[in-house]
1. Ile675 passes all but one of (1) in the same structural domain as Arg717 (by TED's automatic domain parsing); (2) modelled with pLDDT of 95 or more; (3) farther than 20 Å from Ala733 by Cβ; which number fails?
2. Yes or no: Thr81 free of Cβ contacts under 8 Å to residues at least 24 places away in the same chain and among the β-branched types (Val, Ile, Thr)?
3. Output the residue which, of all residues in the stretch 598-618 that are more than 13 Å from the chain's Cα centre (by Cα) and in a loop (DSSP other than H, G, I, E, B), is surrounded by the most Cβ atoms within 10 Å (Cβ to Cβ).
4. Restrict the check to the stretch 379-395 and report whether at least one residue is closer than 25 Å to Glu305 by Cα, in the same structural domain as Val283 (by TED's automatic domain parsing) and modelled with pLDDT of 55 or more.
5. Based on this model, can you work out whether Val283 counts as crowded, with 23+ Cβ neighbours inside 10 Å, modelled with pLDDT of 85 or more and under 25 Å from Ala72 (Cα atoms)?
6. Mind listing whichever residues of the stretch 306-330 are under 16 Å from Val283 (Cβ atoms) and of a type outside the set (A, V, I, L, M, F, W, C)?
7. Please go through (1) farther than 17 Å from Ser618 by Cβ; (2) not in a helix (DSSP H, G or I) for Phe96 and return the number of the only condition it doesn't satisfy.
8. Consider Arg141 against the criteria (1) within 24 Å of Ala240 (Cβ to Cβ); (2) modelled with pLDDT of 85 or more; (3) surrounded by fewer than 18 Cβ atoms within 10 Å (Cβ to Cβ): it satisfies all of them except one. Which criterion is unmet?
Amino acid sequence: MNEVRVERRLAAIVCADVVGYSRLIGADEAGTVAAWRAHREAILPIATSHRGRLVGTQGDGLLFEFASVVDAVAGAIAIQTCMAGRGLAESEDRRFRLRVGINLGDIIVEGGDILGDGVNVAARLEALADPGMICVSDVVREQVQGKLPVVFDDLGPRSVKNIARAVHAWRVRPAGSVPPPATASTPAQAMDAPAPLRHSILRPAIMALAVSLVLGVAALGTWLTGTWPWSGASRPAGVAIMVLPFESPTGHDQEYFSDGITEDIITALSKMAALANQQNLRVMGRSTSFSWKGRKIDVRQLGRELGITHALVGSVRREGGRLRISAELIDAWTGRSDWAERYDRDTGAVFDIQDEVTGKVVSTLIAMLDVTSAGNNPMAKPSGKGSSPGAEDPDERQRREEAEARARAAEARRREEEARRQGDRAPKTAPPAPEPMPAPSAPAPAPKAARPTPSVTAPAPPPPAAATTPSRAPRAVMRPAPEVYDLLLQARLLAAKGERPALLEARALLLRAVAREPNYVPLQMALADTYRAAYERRWEETDGAVEGLEAALRSIDTALSLAADAPMGLAMRSLVLAHLGRHDEAQETARRAIAAKDADAAVLDRAARTLVLVGDSSAALDVLARARTLDPVPSPAALSVAARALFLLGRDADAAKSADACLTRAPADRDCLEIAAAAAARLDKRDAARAALAKLTALDPGFGPETPRIRFAKSYRNGRDLEAIVEALRKAAT
């Protein structure tokens with residue numbers, strides 16, 4: 001007889017279903033089906049990004065197969081994270097919560113289906129999970145422990161239907177998060193479960209919003225107690241680094257330079273970490289880092305507050321033609337120095353120093369991950385600056401050398417990615433020259449009352465140039481002249497002030513710089529952002545001219561022609577397109593930015609703003625929540641976007657909290673004042689609504705309830721969104 005061969009393989013199986021789906025169907029069948037379809041569309045790309053495959057669906061059930069159990073757990077956490085964020089847009093009785101079960105076992109493959117005991121165990125584990133939680137088998141815990149920043153709570157051996165043996169179950173959750181209360185059916189023996197710490201550093205208003213935006217594996221109530229998802233009393237798994245703002249010993253006049261170098265190191269570290277494919281290596285974003293600027297900081301306290309394992313500190317001194325930079329990588333739990341270096345070079349070597357610092361930091365952190373994943377204690381032996389000569393054993397040396405090789409490979413991939421982005425969209429003919437705007441010889445002064453107010457829009461574009469012979473496409477400048485880089489850093493600081501004279505001065509500096517280095521991508525993006533900011537803030541009527549947006553689009557397109565698919569370029573372009581009323585194109589461009597592997601929190605925050613304008617506030621909240629996993633302390637701009645999204649979803653109380661948190665950090669933020677007034681009005685808090693509106697009109701005397709419609713009619717895809725804001729502002733004005 002011919003033996004029938006059965007295809008078998010080892011796989012990680014993830015089963016998920018919706019809690020209370022029958023109740024939801026009974027209350028609103030059509031609405032529930034449509035809502036679950038939308039949730040599925042949101043979470044399926046997450047599984048795919050973690051190398052998972054959707055095997056089948058049945059009603060409210062989902063079955064995934066993963067080749068790696070680490071990917072399966074990371075993907076399940078990301079899916080629960082997404083669902084928790086999307087739940088912000090739903091009322092409590094209509095909120096979708098998933099139970100998830102994960103097992104590692106042998107499966108039988110029949111066509112596109114998978115069968116067998118391994119699948120059955122995953123299904124039984126899913127039934128044991130609490131709403132919003134993940135339950136895994138013992139073999140999953142053994143394979144994942146130490147490789148992801150998670151904690152396992154022991155649920156004990158459980159007898160489950162149609163499985164002869166007892167299944168030892170574990171609940172998995174982010175390290176430092178608070179476990180749900182124990183029930184009679186849920187033993188509460190937590191393994192390495194750290195006790196949460198309340199934050200004492202952040203101001204309450206900021207903390208409340210940050211916590212509400214940070215995504216949870218369980219119901220968001222897990223972190224509504226005032227803790228970050230990574231904070232705790234014990235060292236978290238994996239590695240997380242925060243770059244503290246570098247000090248400027250030479251005084252405030254050089255602070256823009258040290259701040260700029262700090263920002264660029266954060267960006268480079270984030271990109272290298274993404275390209276190194278290290279899922280348990282996190283780099284805190286700019287907003288979180290700079291929220292500690294100017295404070296006396298105990299790095300070990302930061303370790304417990306934010307769940308970081310390392311901090312990079314340093315100083316920048318520039319005198320004459322010399323540049324002196326010191327950098328030190330400190331273990332945030334022991335205070336030990338793991339690496340330190342001082343650089344004394346010509347000012348033109350600033351990019352070399354940045355590359356050396358980021359490369360060394362990444363290689364050191366990857367080596368730490370190797371030690372952790374090997375089951376060793378990274379705190380058991382001193383390393384780096386504190387090591388004694390000859391203390392490094394052969395195994396440690398091998399790990400260090402391998403980590404340095406991987407860091408070099410990550411840097412090489414980063415450079416290859418930049419080269420690819422230059423080549424992917426390089427035109428066959430030379431692109432049009434950058435916008436030929438006059439470059440003033442000195443920064444533009446603040447406008448005086450007695451003189452005509454200068455426009456911050458662009459002049460009319462020149463007529464198109466005659467056709468030219470095809471020529472070689474220009475390449476991006478990666479290392480501009482020191483004086484050009486200095487102009488960029490000065491302009492960044494001025495533009496961040498949010499004042500019209502400062503923005504005019506920033507643009508003047510950028511135009512001077514672009515005239516010298518038109519192919520330096522950060523310059524083109526910074527220049528574009530000055531036009532976008534003027535259009536949105538409307539200090540003068542001329543600021544809202546469409547020519548400003550067209551000038552911004554030209555600069556962004558120049559940048560993208562030099563670095564195709566650069567995430568920040570895509571995010572910026574999506575927002576400008578939305579303001580121009582090109583909503584379909586804007587939405588697609590924002591999605592491309594969000595999907596980029598090296599999209600950082602700043603990119604996600606910007607893309608979320610676009611999603612609000614194109615009418616997808618629920619997706620915007622998902623994106624903002626993902627951004628908070630990279631940058632836990634949101635910027636005022638991110639808080640403003642969150643407030644607007646929540647308001648448009650009818651979550652007025654949450655919108656008011658978000659706007660208040662924004663105004664705590666940026667009292668003159670006009671976007672936040674607008675939503676604060678609108679949300680308070682709909683909550684029937686008339687005094688608060690009038691107070692916010694009065695502050696807004698004091699800052700913008702021409703502002704009235706109808707102003708958003710007049711200024712931003714093209715920006716919003718859905719007229720009802722704009723009408724909701726106007727109607728609430730009318731109520732606030734009465």
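1. (3)
2. no
3. Top of the filtered list is Val614.
4. No - not one qualifying residue is present in the stretch 379-395.
5. Taking the combined requirement at face value, the residue satisfies it.
6. Residues of the stretch 306-330 under 16 Å from Val283 (Cβ atoms): 306-314, 327, 329-330.
The answer is Gly307, Thr309, His310, Gly314.
7. Result: Phe96 passes all but (1).
8. Evaluating Arg141 over (1) within 24 Å of Ala240 (Cβ to Cβ); (2) modelled with pLDDT of 85 or more; (3) surrounded by fewer than 18 Cβ atoms within 10 Å (Cβ to Cβ) leaves (3) as the failure.
The values are calculated or read from the model by the stated rules, or taken from the named source; none is laboratory data. These figures come from a predicted structure and were not determined experimentally. As a convention, Cβ positions derive from the backbone with ideal geometry for all residues, glycine included, and neighbour counts pool all protein chains shown.
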